[in-house]
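In what follows, a structure is listed as structure tokens, so that the remarks can point back to it.
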Amino acid sequence: MSEQYLDTNVPGNPAYHFSIQPPARESRAGWSRRPELVPGAGPATQCVHAGVQPDPAYGSVMPPLYLSSTFAFKDICTNAGYDYTRSGNPTRAALEEALALLEGGHGATCTSTGMSAILVALNLLPHGSHLISTVDCYGGTFRLLEHAQRFYGLEVTYLDLADLPAVEAALRPNTRMIWIETPSNPLLRLTDIAAVAELGHRQPDCLVAVDNTFLSPYLQRPFDLGADLVIHSTTKYLNGHSDVVGGAVVAGPGRLALTQQIQSGNNLLGTSQAPHDCFLVLRGLKTLPLRMRQHEATAQVLAEFLAAHPAVGKVHFPGLPGHPQHELAKRQQRGFGAMLSFELAEGGAERLNHVLRKLRWFTLAESLGGVESLVAHPASMTHASMTPEARRRAGITDDLIRLSVGLEDVQDLRADLAQALAFD
Ligand SMILES: *Cc1c(COP(=O)(O)O)cnc(C)c1O
């Protein structure tokens, strides 16, 4: 059937509309696009084209959704490259190719959630390994690291990774991973990826892993700064529409063996992402640059508004010149992102609840990175799994409010904050 379709694809035939040049017959997956040009293209072009070629069967411009759990063999040794969807699936492969390209890595594996991506990354570590983690990591990451300490024999040291001498002093002969999350959640503290990677690589076999969820590859490329692994919750900006949970682990440039390890780990653990979810993330990716630019522009306006507001105390946003690592943010990131947090000038449960109840466009909910604005109370929501002592050490106060700035009109969001911060 597809052979016949190829035969109609010649100039003069009404079905011929793929390109000026007839596609090379031998590269049926190539059609009219030039996948070899994608790596050298700009990030927006990459987001539209990465991993996506007209389908060999019918030339469909968008990748088909292969829901099949299993794939037929022609004989005992031959199939079309896939046998079972847990191990590999064409729709997932398209997303993995796109994410590897956008991060500038060698290869990727897509997982059912961001947490399972972290599990796949931790699964690289042999029993008895030591891991150094940023102290204010995502609450779920903290919970998993604590679990791994108790049940899987992982040794964990939590540190403020801005304190480079402390990182150096914490290295042990069995240190196999440094876990970086920058900017961090919810305090938007930055880690100098290049400096920490340099320290980490003094230790043989130590992998430097960066959770890049808060910025996406459009705004930060950890491999360019020396990281070995990039982890994503694709639930957030990469999908961007709050209708998928998913994750990804990407191995750095030239890291073929590491790519194979993360892909076989995903298969082994059974954490691979469902094809339908991959399809949605791939769709979300196409507008990533547009979304990120708008998210960021609005967040900058709101951060400046909050910083000047008398009812607001500290504002945590790397785009403010007063942010302690504003210069590092300018150097290391391609933008400041759209996550910010702030404290009330005068706190207390009553005033906090007043603000959270009065906000209308900011939905009180966990998660971030979607088109809709969200507000969260880290101490009782995203970071409730940390002990009060761990929260205190991390600097997460009970009065901290976190915003994920969405794509609504900036004047609506600013007016919403203004009315919620009026206390009389
Ligand atoms: C949400 C999040 C995760 C966990 O991802 P899920 O998709 O919710 O499992 C990990 N790291 C960061 C920074 C996150 O924001």
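The table below gives the values:
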| read-out | value |
| --- | --- |
| Test: residue in region 155-165 that is within 21 Å of residue 327 (Cα to Cα), more than 16 Å from the ligand (Cβ to nearest atom) and among the charged types (D, E, K, R) | yes |
| Residue check, residue 259 at pLDDT 95 or above and more than 14 Å from the ligand (Cβ to nearest atom) | yes |
| Subset tally (residues that are under 23 Å from residue 207 (Cα atoms), touching a Ser or Thr at 6+ places or on another chain (Cβ under 7 Å) and not β-branched (Val, Ile, Thr)) for region 236-268 | 7 |
| Tally of residues being out of contact with any Ser or Thr (no Cβ under 7 Å at 6 or more places or on another chain), on the phi < 0 side of the Ramachandran plot and more than 16 Å from the ligand (Cβ to nearest atom) across region 337-362 | 17 |
| Residue satisfying all of: in region 110-133; part of a loop (DSSP other than H, G, I, E, B) and within 15 Å of the ligand (Cβ to nearest atom); nearest to the chain's Cα centre (by Cα) among these | 113 |
| Members of region 188-236 that are within 15 Å of residue 108 (Cα to Cα) and either outside the structural domain of residue 174 (by TED's automatic domain parsing) or of a type in the set (A, V, I, L, M) (or both) | 209, 210, 227, 229, 230, 231 |
| Selection status of residue 209, modelled with pLDDT of 95 or more, open to solvent by less than 10 Å² (accessible area, probe 1.4 Å), more than 29 Å from residue 168 (Cβ to Cβ) and not in a helix (DSSP H, G or I) | no |
| Pairs, first farther than 17 Å from residue 233 by Cα in region 78-100, second open to solvent by less than 60 Å² (accessible area, probe 1.4 Å) and of a type in the set (Lys, Arg), C-beta under 8 Å, six or more apart | 85/92 |
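Matching residues to (1) at pLDDT below 95; (2) assigned to a loop (DSSP other than H, G, I, E, B); (3) of a type in the set (Val, Ile, Thr); (4) crowded, with 16+ Cβ neighbours inside 10 Å:
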residue: 140; (1), (2), (3), (4): yes, no, no, yes
residue: 144; (1), (2), (3), (4): no, no, no, yes
residue: 147; (1), (2), (3), (4): no, no, no, no
residue: 156; (1), (2), (3), (4): no, no, yes, yes
residue: 168; (1), (2), (3), (4): no, no, no, no
residue: 172; (1), (2), (3), (4): no, yes, no, no
residue: 184; (1), (2), (3), (4): yes, yes, no, yes
residue: 199; (1), (2), (3), (4): no, no, no, yes
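The values are calculated or read from the model by the stated rules, or taken from the named source; none is laboratory data. Note that the structure is a prediction, hence the values are computed from the model and not measured. FYI the Cβ positions are ideal-geometry reconstructions off the backbone, even for glycines, and counts take in every protein chain you see. When the accessible area is computed, the model is the full protein with side chains, heavy atoms only, and any ligands, DNA or RNA have been set aside. Shrake-Rupley method; radii C 1.70, N 1.55, O 1.52, S 1.80 Å.
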